[in-house]
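The values are calculated or read from the model by the stated rules, or taken from the named source; none is laboratory data. All figures in this text were calculated on a predicted structure; none of them were measured in a lab. Here the Cβ is made from the backbone with ideal geometry for all residues, glycine too, and neighbour counts use every protein chain on show. Only protein heavy atoms, including side chains, enter the accessible area calculation; ligands, DNA and RNA are left aside. Shrake-Rupley method; radii C 1.70, N 1.55, O 1.52, S 1.80 Å.
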Amino acid sequence: MPKKRKQKKSSEKIKAYALVAPALILIAAIAIWPVIQSFYFSLFDLKLNSPTKSETHLSYSFNLKDYLDNYPFLISGIDAEIRQGHAADDLNKLKTNLQALDKKIQADPDIKDKYKTVNEKLMNFEQIDSSLAFIKIDRKLAKQIQASTDQIHNALKSISAATKLDQSKKLMGLSSALNQVIVKPNFIGLAHYKDDLSQKRMWKALGNTFTFTVISVAIELILGLAIALVINKAFIGRGLIRASILIPWAIPTAVSALIWKFLYDGQNGVVAKIFEKVGLVDHMSSLLTTQMGAFVSVILSDVWKTTPYMALLLLAGLQVIPSSLYEAASIDGASKWKQFTNITLPLLKSSMLVALLFRTLDAFRVFDLIWVLTGGGPANSTETISIFAYKVMFSQTNFGNGSALAVIVFICVAIISMIYIKFLGKDLLQDSSGK
C-alpha cells in the first residue's frame with residue numbers, strides 16, 4: 001500500500017507540474033529572459049553613439065569600409081605633397097609603409113575575398129551592410145595592423161610638425177581615421193557594476209527610490225485601510241461611492257501626472273495657491289522648484305493615484321471575514337478597537353501582504369509619474385533608480401551601463417519580494433493543516 005501511495009503522489013506531482021509548465025514557460029520568456037539578456041549586455045561597453053561599440057564584440061574585427069574610405073585618399077594626399085616637394089623622402093617612406101600594410105591586409109584570407117567587393121561598392125556609392133564592413137580577424141593580425149597604423153599616424157604628425165604641408169589637417173584626419181579601423185572587443189566584465197556601486201548619483205537615486213517607496217506605501221496603506229473599512233459597511237449609495245473612489249486609479253498615470261503638474265504650477269496652480277494660503281509653502285513656485293517641495297509633490301500625487309488600488313485589495317480581504325465573528329465579539333463585550341486588533345487585522349494579514357507587495361514593487365519601479373511631473377529634478381532630487389537607468393540608456397545611449405542599472409533594479413525588487421515572503425508571508429506558504 002505505501003508503495004502504491006508513493007506512486008500515486010508521484011503521478012499527481014507530474015500532473016501538477018505539467019499543468020503549471022505553460023505558465024512557467026511564459027514567465028521565463030517574458031520575465032526571466034529579458035533579465036538574462038540585460039545582464040549579458042551589462043558585461044559590455046555598449047554605446048549606440050559609437051560605431052565601434054554599437055554591438056557586442058568578443059573578438060577583434062577589422063572595419064574594412066572605413067579603411068577603404070580613407071586609405072586611397074591618404075595615399076593620393078601624400079602623393080600631392082610629394083609633387084609639391086614637401087618632405088619628399090619622409091613622405092615616400094610613409095607611403096611605402098602604407099602600401100606594405102595594404103598588401104598585408106589583402107593577403108589575409110578572411111579579408112581578401114571581401115576587399116574587392118567593398119571597394120567596388122564604395123566606388124559605386126552603394127550601401128554596405130555590417131557583414132561586409134566588419135570582418136573578424138585574429139588577435140595577432142589585429143595587433144600588427146594597430147601597431148602599423150599607430151606608427152604611420154605618429155610619423156605623419158612628426159612630418160606635419162616639422163614641415164608645412166598644404167593639406168596637413170586633411171592628412172592628419174585621414175590618418176586618425178585609419179588608426180581606428182581595428183575594432184577591439186568591448187567585453188569589460190563587471191566593470192559597470194563596480195563603477196555604479198562607487199557612484200554617488202546611483203546611491204542617491206536608490207535612496208530617493210527607497211524613501212519614496214516607504215513613505216508613499218505607508219500612507220497608502222493607512223488611507224487605503226481606512227477607506228476599505230468605510231466602504232465595507234452597508235449604507236445608502238455604497239455602490240456609487242465604491243465606483244467613484246476608483247476613478248483616480250483608472251486614470252492613466254501619465255495623464256494624472258500631467259494634471260497634477262498643472263495643479264502644482266507656480267503661477268496658476270490651484271493646489272499651489274492653496275498651499276501658499278495655508279502657509280505650507282512660502283511661494284507657489286516652491287512646489288516644483290525646490291528639492292523638498294518637488295519630493296512632497298511627487299508623493300502626494302502617487303498617494304492620490306494609488307490609494308484606491310490599495311483600498312480595493314484590502315476591501316476584498318475584508319469581505320471574506322465572517323460577520324459572525326464580530327457579532328460574537330460584540331456579545332462578549334469587545335469594543336470596536338478590540339474587534340479591529342483581534343479580528344480584522346489578523347484575518348486581513350494575507351490581503352495586506354498581497355497589497356503591500358504589489359504596491360511596494362510598483363512604487364519601487366516608479367517612472368512615468370515622476371518623469372512627467374519633475375523629470376527627476378530639481379538637481380536630481382526626485383530622480384529614482386528607474387529614471388537614472390532610463391537617462392543612462394536612452395539619453396546617453398549607454399546601453400551597457402543602462403543594462404547594469406536595470407539588473408540592479410531587478411536585484412532590489414527580488415530582495416524586497418523575499419523579505420515580504422520571509423517575514424510577513426509565512427502563512428501563505430503553509431497549508432491549512434500547518435504541515
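Quick notes on this structure:
- Number of the exception - residue 346 against (1) free of Cβ contacts under 8 Å to residues at least 60 places away in the same chain; (2) of a type outside the set (Phe, Trp, Tyr); (3) open to solvent by less than 20 Å² (accessible area, probe 1.4 Å): (3)
- Top-ranked residue in region 399-414 [being over 13 Å from residue 53 (Cβ atoms) and not small (Gly, Ala, Ser); ranked as nearest to the chain's Cα centre (by Cα)]: 405
- Out of 240, 221, one residue alone is of a type outside the set (Val, Ile, Thr), open to solvent by 80 Å² or more (accessible area, probe 1.4 Å) and part of a helix (DSSP H, G or I). It is 240.
- Residue within region 48-64 that is small (Gly, Ala, Ser), open to solvent by less than 50 Å² (accessible area, probe 1.4 Å) and under 19 Å from residue 173 (Cβ atoms) present: yes
- Qualifying residue in region 190-206 (condition: among the aliphatic types (A, V, I, L, M), out of contact with any helix residue (DSSP H, G or I) (no Cβ under 7 Å at 6 or more places or on another chain), in a loop (DSSP other than H, G, I, E, B) and surrounded by fewer than 13 Cβ atoms within 10 Å (Cβ to Cβ)): yes
- Count - residues of region 14-47 that are more than 13 Å from residue 406 (Cβ to Cβ) and open to solvent by 90 Å² or more (accessible area, probe 1.4 Å): 10
- Scanning region 285-312 for residues that are open to solvent by 20 Å² or more (accessible area, probe 1.4 Å), more than 29 Å from the chain's Cα centre (by Cα) and not hydroxyl-bearing (Ser, Thr, Tyr) yields a single hit, 312.
- Only listed residue being farther than 20 Å from residue 170 by Cα and without any contact (Cβ under 8 Å) to a residue 12 or more places away in the chain, chosen from 108, 113: 113
- Residue in region 298-314 that is more than 30 Å from residue 269 (Cβ to Cβ) and in contact with a helix residue (DSSP H, G or I) (Cβ under 7 Å, 6 or more places away or on another chain) present: yes
- When region 26-47 is filtered for residues that are among the charged types (D, E, K, R) and either under 22 Å from residue 172 (Cβ atoms) or part of a strand (DSSP E or B) (or both), only 47 remains.
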